[in-house]
Every structure is written in structure tokens, then in C-alpha cells.
Amino acid sequence: MVQPRDRDRNTDFVIEPGGRDEPPIGGEMKAAGVRWDLIMTLFLRLAAAICMLKGIGFWMLVLGLGDLPLAEEPRLRQAIIVAFALLNCSAAVGLWLLATWGTSLWLFLSTFEFVLGVTGYARTVGLFTATGSGIMMFMFFALTFLFRRQKF
């Protein structure tokens, strides 16, 4: 029986990282505990999905699938519906990509929705949506605070 040489064997090489005090070259040591960066990423992706659904809902109103055709709505409400249709979809893309401009645009839209919903101005956004926007903004700022406190 012929023994295969060492170079002919299919061996798996295990690369061991550095010691406990030293990460391998190019590696990072993470502090033990809750990964707030991961939770923040998941939250922003969830916010992106919700924002895209709201944008699609506003596009349905633009296409005339609402109570009234868009042309019969008051001019102010038409402008708000078209703006929300465009900006919600844009903010959803920015949030999904974890871009700073997406977060800024989403916070602007959420603030605007909250104010419109609480005041009832132009009957575009309901109180339920305003409450949801307020809760999402509070959660965002709380997660941002916890994420910034995390030690890397």
C-alpha cells in the first residue's frame, strides 16, 4: 500500500488568532455585552422597510387608488402626498444603505408626519401614524445614545 506524501493530502489549516490580549493583524477586539451596533443596524433596516411601505401607500394615492382621485384633492394635500411619496421611498433607500443622508431624511419626514398627525393639518396623516413616527424617533435616539456609549 502506497502512503500519500504530505503535500498530496487534503489538509485543513487552522489559523489561530493572536493571544487574548492581542488581536490578529487587521482584527479588532470587541467588548463583551450587547452589540448595540447590530441592534441599531437591524432597527434602521426595519425603519427602511416601514418607510418603503409608507412610500408605496402614498404612491397608491398618487395613482388614484385612494378615496378620491388625486386631481380632486385640495392643492395642499396633493403637494404633501406627492412629497411623501417621493421622499419616503428615497429615505427608505438611504436607511437600508445605512447612509447618513437617509437617516437625516427619515428624521425630517418623521418629524413632519408627527406634526401633521398631531395637528390634523391637511388631513394627510392620521394620529396613529403620528404616534408611530414619534415612537420610532424616540427609539432611534435611545439606540443612538446606547450605541455611542458602547466601548469598542
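The values are calculated or read from the model by the stated rules, or taken from the named source; none is laboratory data. Quantities reported herein were computed from a predicted structural model and do not represent experimental measurements. Don't worry about glycine lacking a Cβ; one is built from the backbone with ideal geometry, like all the others, and counts go over all protein chains shown. Just so you know, the surface numbers come from the protein's heavy atoms only, side chains and all, with ligands and any DNA or RNA stripped out. Shrake-Rupley method; radii C 1.70, N 1.55, O 1.52, S 1.80 Å.
Using a 1.4 angstrom probe on the protein heavy atoms only, line up 34, 125 by accessible area, largest first.
Numbers: 34 80, 125 15 Å².
Final ranking, largest accessible area leading: 34, 125.
What full-extension length gain, to one decimal in nm, is calculated for residue 100 and residue 119 as 0.36 nm per residue of separation minus the Cα-Cα distance?
4.0 nm
For labels at residue 39 and residue 83 in the simple 7 Å Cα→Cβ model, what's the distance in nm?
Those two pseudo-labels are separated by 3.4 nm.
Please give the peptides 95-105, 109-119 ranked by average Cβ packing (other Cβ atoms within 10 Å per residue), highest first, as a rough proxy for protection.
Going from most to least packed, we get 109-119, 95-105.
Quick one: if you stick a label point 7 Å off each Cα along the C-beta vector at residue 144 and residue 128, how many nm between them?
Modelled inter-label distance: 2.8 nm.
Gain in length, residue 76 to residue 56, computed as 0.36 nm per residue apart minus the alpha-carbon separation, to one decimal in nm?
Going from the current span to full extension adds 5.2 nm.
Between residue 93 and residue 111, what length comes free when the chain is fully extended (0.36 nm per residue of separation minus the Cα-Cα distance, one decimal in nm)?
Computed gain between residue 93 and residue 111 is 4.6 nm.
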